[in-house]
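Note sheet for the following structure.
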Amino acid sequence: DELCAFKAENGHCNVSHNDAGNKSLVGWVNQQRLSYKKNALSSDHIQQLNSIGFIWDLCHRSWNEHFNQLCSFKAENGH
């Protein structure tokens, strides 16, 4: 419920590690990602988090965003 409220307010599920006002949520989100990486998260929980747009790997997402920006730059500038 906390994560859903955070998403409703912020438009995303990426709780910042520096968010002092959401320390318990930061810890919970980190625990979900860790459990997912260890294959220790139930499929129901994975499905619930996926349904609200939860990002499992922030580094992978960041890489994809930067790559897409590079592709756009190349399309616009020809190099």
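Conditions (1) in contact with an Asp or Glu (Cβ under 8 Å, 6 or more places away or on another chain); (2) open to solvent by less than 90 Å² (accessible area, probe 1.4 Å), marked per residue:
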{"site": "9", "(1), (2)": "no, no"}
{"site": "13", "(1), (2)": "no, yes"}
{"site": "28", "(1), (2)": "yes, no"}
{"site": "34", "(1), (2)": "no, yes"}
{"site": "38", "(1), (2)": "no, no"}
{"site": "41", "(1), (2)": "no, yes"}
{"site": "45", "(1), (2)": "no, no"}
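Among the residues of the range 50-63, is there at least one that is open to solvent by 70 Å² or more (accessible area, probe 1.4 Å) and at pLDDT 95 or above? Among the residues of the range 50-63, at least one is open to solvent by 70 Å² or more (accessible area, probe 1.4 Å) and at pLDDT 95 or above, which makes the answer yes.
The values are calculated or read from the model by the stated rules, or taken from the named source; none is laboratory data. What you see is a predicted model; the values in this text were computed from it and never measured. No Cβ is skipped: glycine too gets one built from the backbone with ideal geometry, and neighbour counts run over all protein chains shown. In case anyone asks, the SASA skips ligands and DNA or RNA and just uses the protein heavy atoms, side chains included. Shrake-Rupley method; radii C 1.70, N 1.55, O 1.52, S 1.80 Å.
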